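Participant: Here it is, the structure, as structure tokens.
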Amino acid sequence: MAVWNALEQLGQTLVVANSGQEALQHLLHNDFAVILLDVNMPDMDGYEVASYVRARKRTRHIPIVFLTALYRDDTHLLQAYSAGAVDMVFKPVDPLILRSKVQVFVDLYLKQAEIAREAELRHRLQEENFRVRAEKLSTEQALRRSQEHQEAMARAEAHQRTLIEELNHRVKNMLTVVNAMARQTLASNPAPEDFSDKFVRRIDALGRTHALLSREQWGTVQMADIARESLEHFLVEDKKRVMLEGPPVALDPKTAVALGIVFHELATNAVKHGALSNDSGTVSVSWTFNGDETVELQWQEDGGPEVRQPSRAGFGSRLIKLELTHELNGGAELIYEKSGLRVAMEFPLINASPSAQLKQGIAQ
Amino acid sequence: MTSRRSARILVVEDEALIAMDLQALLEEAGYDVLGPANSSAAALAIIDKEEPDVALLDVNLGRSDAFGVARILTERNTQVIFLTGHTAHKLPPAQRHLPLVSKPYLPQVLLQAVARALEQRQASTPQA
């Protein structure tokens, strides 16, 4: 009771235990700034209680002050300190001394608690800092991914616009070619029936080449295929009258279109005036492909009516020459041999044409 | 007194049939045709030796374009007309003021553009 009165003024929570057992019960659930422990108690004395307090990890740090009336001699002091006492207070208790001693432990406890709180706060701040930084990092990554996505979309749209412009340009160019074909056909065939027949056949030949190129998705086509496609419908009855002979040669679309026109003009002429105008004449189409990437192509007619050099170059022969020189950077020579027309042509092979680029575009 | 020679028109167009058509249209109208050239290089080889009054330039020439040739020609006071399936925004800013004939072209539109260019050429050439 004297102890209680002495400590009440400190304004701290006081917990009273009436036995060692009860004291240990309190210690199981609560933390304390200091334990004032009477040495002399029934059942379990103060030393034993102190040994339990020291043995438990959660209570080991709590300072113990022994209260004792009797044993002021050195052996008891030694026993008390070895049991874990940090101080001794002797009965009868001097309230002032007890209060100031306990005050020291209370202050110490409060300071420790404050330090622990500060450490905890610092730890939480640090964790928060880490979390915010991680969040920022992942936000930045997401932003970067979204920017990359937008850039990819923009690139795809730009690519599509380019393709549409390229297609638009091609259509206009093709219409211009058709116009030119009409005007030039009309210039050499003023009679309406002649014009209509020639013009429609020429457009048909262009269409066939385009269909072939479409099937190959505007990649390359074989020389043999373009020759067969252009000549086939002139040879419904006897296909053996036209012989094709040459190694595989892959032609870019520009070259294929030009040769389609050339084969059409040659075949038209052969059917009207040359080896295919009778029942027995033949045409031999042969080509070689040199190491220096030059293709030599020969059209040789045989067994037709006797051939004479025409007085002036017609549209067909001018077109053949122009396709070879202007379109293919090559050349063509028309030799009017008695036994049949021979046309010797040569041109370099160019692989990377704008059409190949367009095809790449479509494939993407 | 200017000479009575026909005006000389340079044609640069890589498509054989269109080149043939342009040549025929211009010759029928009484002009002398230089070319047709199928590339920038071929056009440059021609203007190295000749001085055309007017040049009709296809914008797309295979893998290259006619803008370099156009620049040289305008510096030499040859009147340039672009002939293209593209719109004017495809032209370099410095050349957007030059006349442009769209493909597919009507012969009379083409010949009108040539006649107008020749007037310009005569107006801007000092009389001897």
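Participant: For the stretch A:94-105, does any single residue satisfy the condition of being outside any helix (DSSP H, G or I) and under 30 Å from residue A:65 (Cα atoms)? Let's see the steps before the verdict.
Facilitator: Filtering the stretch A:94-105 for residues outside any helix (DSSP H, G or I) gives A:94.
Then keep just the ones that are under 30 Å from residue A:65 (Cα atoms); that gives A:94.
So far as the stretch A:94-105 goes, yes, one or more of its residues are outside any helix (DSSP H, G or I) and under 30 Å from residue A:65 (Cα atoms).
Participant: Let me ask you something else. Please specify each residue of the stretch A:97-117 satisfying the condition of being among the hydrophobic types (A, V, I, L, M, F, W, C) and either touching a residue at least 24 places away in the same chain (Cβ under 8 Å) or surrounded by 12 or more Cβ atoms within 10 Å (Cβ to Cβ) (or both).
Facilitator: Residues satisfying the conditions are A:97, A:98, A:102, A:104, A:105, A:106, A:108, A:110, A:113.
Participant: Follow-up. Being away from chain A (no Cβ under 11 Å) and closer than 30 Å to residue A:185 by Cβ: is that true of residue B:32 here?
Facilitator: Details: away from chain A (no Cβ under 11 Å): yes; closer than 30 Å to residue A:185 by Cβ: yes.
Here the answer is yes, as residue B:32 does meet what is asked.
Participant: Sticking with this one: Condition test on residue A:250, is it buried (at least 18 other Cβ atoms within 10 Å of the Cβ) and of a type outside the set (Val, Ile, Thr)?
Facilitator: Working: buried (at least 18 other Cβ atoms within 10 Å of the Cβ): no; of a type outside the set (Val, Ile, Thr): yes.
When the stated conditions are applied, residue A:250 does not pass them.
Participant: Right, here's the next one. If you go through the stretch A:59-93 one residue at a time, how many are in contact (Cβ under 8 Å) with a residue 12 or more places away in the chain, of a type in the set (A, V, I, L, M, F, W, C) and part of a helix (DSSP H, G or I)?
Facilitator: 1
Each row is one residue, and each column tells you yes or no for (1) in contact with a Ser or Thr (Cβ under 9 Å, 6 or more places away or on another chain); (2) on the phi > 0 side of the Ramachandran plot; (3) loosely packed, with under 12 Cβ neighbours inside 10 Å.
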residue: A:4; (1), (2), (3): no, no, yes
residue: A:35; (1), (2), (3): yes, no, no
residue: A:43; (1), (2), (3): yes, yes, yes
residue: A:65; (1), (2), (3): no, no, no
residue: A:78; (1), (2), (3): no, no, yes
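Participant: Moving to a separate point now. May I ask you to list the residues in the stretch B:37-60 that are in contact with a helix residue (DSSP H, G or I) (Cβ under 6 Å, 6 or more places away or on another chain), within 18 Å of residue B:23 (Cβ to Cβ) and within 14 Å of chain A (Cβ to nearest Cβ)?
Facilitator: B:37, B:38, B:43
Participant: Is at least one residue of the stretch A:199-217 loosely packed, with under 15 Cβ neighbours inside 10 Å and in contact with a helix residue (DSSP H, G or I) (Cβ under 6 Å, 6 or more places away or on another chain)?
Facilitator: yes
Participant: Has the stretch A:268-288 got any residue that is within 14 Å of chain B (Cβ to nearest Cβ) and surrounded by fewer than 22 Cβ atoms within 10 Å (Cβ to Cβ)? Walk me through how you get there before you give the answer.
Facilitator: Keep residues of the stretch A:268-288 that are within 14 Å of chain B (Cβ to nearest Cβ), which gives none.
The answer is no; no qualifying residue exists.
Participant: Turning to a different aspect of this structure: Quick check, is residue A:234 over 26 Å from residue B:19 (Cβ atoms), out of contact with any Phe, Trp or Tyr (no Cβ under 9 Å at 6 or more places or on another chain) and assigned by TED's automatic domain parsing to the domain that holds residue A:350? So that I can check it myself, show each step before the final result.
Facilitator: Values: over 26 Å from residue B:19 (Cβ atoms): yes; out of contact with any Phe, Trp or Tyr (no Cβ under 9 Å at 6 or more places or on another chain): yes; assigned by TED's automatic domain parsing to the domain that holds residue A:350: yes.
Considered against the rule, which asks whether it is over 26 Å from residue B:19 (Cβ atoms), out of contact with any Phe, Trp or Tyr (no Cβ under 9 Å at 6 or more places or on another chain) and assigned by TED's automatic domain parsing to the domain that holds residue A:350, residue A:234 comes out as yes.
Participant: While we're on this one: If I filter the stretch A:247-255 for residues that are away from every other protein chain (no Cβ under 14 Å) and out of contact with any strand residue (DSSP E or B) (no Cβ under 9 Å at 6 or more places or on another chain), do I get at least one hit?
Facilitator: Narrowing the stretch A:247-255 to residues away from every other protein chain (no Cβ under 14 Å): A:247-251.
After this cut, where a residue has to be out of contact with any strand residue (DSSP E or B) (no Cβ under 9 Å at 6 or more places or on another chain) as well, the list is none.
Scanning the stretch A:247-255 turns up no residue that is away from every other protein chain (no Cβ under 14 Å) and out of contact with any strand residue (DSSP E or B) (no Cβ under 9 Å at 6 or more places or on another chain).
Participant: Same structure, new question: Looking at (1) touching a helix residue (DSSP H, G or I) at 6+ places or on another chain (Cβ under 6 Å); (2) in contact (Cβ under 8 Å) with a residue 60 or more places away in the chain; (3) β-branched (Val, Ile, Thr), can you tell me which one residue A:282 breaks?
Facilitator: For residue A:282, the exception is condition (2).
Participant: Identify, from the list B:120, B:95, the residue that is touching a helix residue (DSSP H, G or I) at 6+ places or on another chain (Cβ under 6 Å) and over 19 Å from residue B:27 (Cβ atoms).
Facilitator: B:95
Participant: Quick one: which helices (runs of 4 or more DSSP H) lie wholly within the stretch B:14-128 and hold at least 2 residues that are free of Cβ contacts under 8 Å to residues at least 60 places away in the same chain and buried (at least 19 other Cβ atoms within 10 Å of the Cβ)?
Facilitator: Numbers: elements: B:16-28, B:40-47, B:67-75, B:107-124.
So the answer is B:16-28, B:40-47, B:67-75.
Participant: Right, another one. Of all the helices (runs of 4 or more DSSP H) wholly in the stretch A:215-326, which have at least 3 residues that are modelled with pLDDT under 90 and closer than 24 Å to residue A:348 by Cα?
Facilitator: On the way: elements: A:223-231, A:253-272, A:315-322.
The helices (runs of 4 or more DSSP H) meeting that bar are A:223-231.
Participant: Can we say residue A:52 is modelled with pLDDT of 85 or more and either at positive phi or aromatic (Phe, Trp, Tyr) (or both)? Reasoning before the result, please.
Facilitator: Numbers: modelled with pLDDT of 85 or more: yes; either at positive phi or aromatic (Phe, Trp, Tyr) (or both): yes.
Criteria met by residue A:52.
Participant: Tell me which residues, restricted to the stretch A:179-198, are within 10 Å of chain B (Cβ to nearest Cβ) and surrounded by fewer than 18 Cβ atoms within 10 Å (Cβ to Cβ).
Facilitator: A:182, A:183, A:187
Participant: Look through the stretch B:77-128, keep the residues that are in contact with a Pro (Cβ under 9 Å, 6 or more places away or on another chain) and under 22 Å from residue B:65 (Cβ atoms), and return whichever of them is nearest to the other protein chains (Cβ to nearest Cβ).
Facilitator: Of everything passing the filter in the stretch B:77-128, B:85 is nearest to the other protein chains (Cβ to nearest Cβ).
Participant: Kindly indicate whether any position in the stretch B:1-8 is of a type outside the set (S, T, N, Q), more than 10 Å from chain A (Cβ to nearest Cβ) and crowded, with 20+ Cβ neighbours inside 10 Å. So that I can check it myself, show each step before the final result.
Facilitator: From the stretch B:1-8, those of a type outside the set (S, T, N, Q) are B:1, B:4-5, B:7-8; that's our starting set.
Cutting the leftovers down to more than 10 Å from chain A (Cβ to nearest Cβ) gives us B:1, B:4-5, B:7-8.
From what's left, crowded, with 20+ Cβ neighbours inside 10 Å: none.
Checked the stretch B:1-8: no residue is of a type outside the set (S, T, N, Q), more than 10 Å from chain A (Cβ to nearest Cβ) and crowded, with 20+ Cβ neighbours inside 10 Å.
The values are calculated or read from the model by the stated rules, or taken from the named source; none is laboratory data. Small disclaimer: the values here were computed from a predicted structure and weren't measured. Note that each Cβ is placed from the backbone with ideal geometry, even for glycine, and that neighbours are counted across all protein chains shown.
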